[in-house]
């Protein structure tokens, strides 16, 4: 077994060595080719900037590792950091990984003695930055119901939530997303993320009224402004209370349901 | 082109000639290394969120999985299997010698993506690079 481990060790060392190259891109700026790739097969662009490095290096010499703006350029093909929240996420990724942003460049100053771990850290962080496109709306959108569900069952348990309830037994086509019973009467909650769910919620509330049910209705919107004016108006007429965003619901749900108790 | 941070950029919107399909295209080149550029196009579906990347013409910005230590202009595209699987990544790479600057890549891109009225919006590019048009149909 020790021969095996020796062979593995030698293989990794050899393969790492062979898969590394330095190319001078400009005077005193070197691109370092490392076996780290984006999902599309392009190598992660990493440069060593020696323009301000001392003539004679030592173990403690600071070596600047930089992407020269390539990461944000690549990210911009499909994702823009164009809101304070996105900037906050970007800056937090850099901070948590010990890197800095300088005029669109991502930089890391490593000591010569720890250049290898510095390069690894740099590449990992660049990969995280370039994957910020996973925070695109269509990905986040799909988390609305998961987040709502998590919040309801973690924080609103005392109001006895139940999922997927059919208030009118003969109408199994009309279902509420959640039911609470803070007092004797139920509170029905619909999660609304688009026109289709807005219309279903409207139909549900109107049917309950038509059938003289004793209840209150809550709508939790993923994004109230995303709905058309007509959908908003219809829903407003049909339901009792609306939370215009998930954040709004998370901040105020407990107080609201407590008042119903 | 507009400079933003460490790169220059432009975006433009396209539609099919029968106006039934929409697309989004972009041009980028790095401020420090102009040879690191990208010209690409995404499809914008009408009935679902997000976009589908279709093609990207890259400069010689470094190695790729097909050639680790080789710096060569190359083109990324997507294959049908990836689209069917919902993998929105341009994993097909082909090396090319059809262009060597971002302006040449843009001209090549107009031809490859079949953009019929590019000259209306980029009138000066042909006059800057007349030789490029010698062999184009």
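Computed from the coordinates by the stated procedures, all read-outs in this text should not be read as laboratory data. No experiment lies behind these values; they were computed from the predicted model shown. Neighbour counts are summed over all protein chains in view; Cβ atoms, including those assigned to glycine, are modelled from backbone coordinates with ideal geometry.
Points to keep in mind about this one:
- Spatially, the range A:156-232 and the range B:1-69 are offset by 43 Å when compared through their Cα centroids.
- Backbone N under 13 Å from the residue A:260 label point (7 Å along Cα→Cβ), restricted to the range A:184-208: A:184-191
- Cβ crowding within 10 Å averaged over residues, with B:93-101, B:58-66 ranked highest first: B:58-66, B:93-101
- Once the Cα-Cα distance is subtracted from the 0.36 nm per residue extended length, the residue A:146 to residue A:251 segment shows a gain of 36.1 nm.
- Relative to the longest principal axis of the Cα atoms of chain A, helix A:115-130 runs at roughly 30 degrees.
- Cα-Cα separations in the range A:140-260 greater than 20 Å, expressed as whole percent: 37 percent
- Note on B:17, A:87: ascending count of other Cβ atoms within 10 Å places them as B:17, A:87, the fewest first.
- For the range A:128-261, averaging the sequence separation of C-alpha pairs within contact (under 8 Å, six or more residues apart) and dividing by the residue count gives a relative contact order of 20 percent.
- With the Kirkwood sum run over all distinct C-alpha pairs, the protein assembly as shown has a hydrodynamic radius of 25.3 Å.
- Convex hull volume of the range B:2-134 per residue (C-alpha atoms, cubic angstrom): 133 Å³
- Spacing of the modelled spin labels on residue B:44 and residue A:127, each 7 Å from Cα toward Cβ, amounts to 3.3 nm.
- Among B:20, A:78, sorting on how many other beta-carbon atoms sit within 10 Å of each Cβ, with the fewest leading, yields B:20, A:78.
- Residue B:91-residue A:160 pseudo-label distance in nm [points 7 Å out on the Cα-to-Cβ vector]: 5.1 nm
- Using alpha-carbon coordinates, inclination of helix A:195-210 to the longest axis of chain A, degrees: 20 degrees
- Restricted to Cα atoms, the range A:2-135 shows a radius of gyration and a Dmax of 16.5, 55 angstrom.
- Sequence-separation-based contact order of chain A, relative, with Cα cut under 8 Å and 6+ spacing, percent: 11 percent
- Residues B:8, B:102, arranged from fewest to most other Cβ atoms within 10 angstrom of their Cβ, appear as B:8, B:102.
- Label-point separation in nm, residue B:79 to residue A:96, each point 7 Å along Cα→Cβ: 3.5 nm
- Number of partner chain Cβ atoms within 10 Å, mean per residue of B:33-42: 3
- For chain A, the longest principal axis of the C-alpha atoms and the axis of helix A:144-155 are separated by about 70°.
- Cβ-derived FRET efficiency at R0 35 Å, residue A:87 paired with residue A:16, nearest 0.05: 0.50
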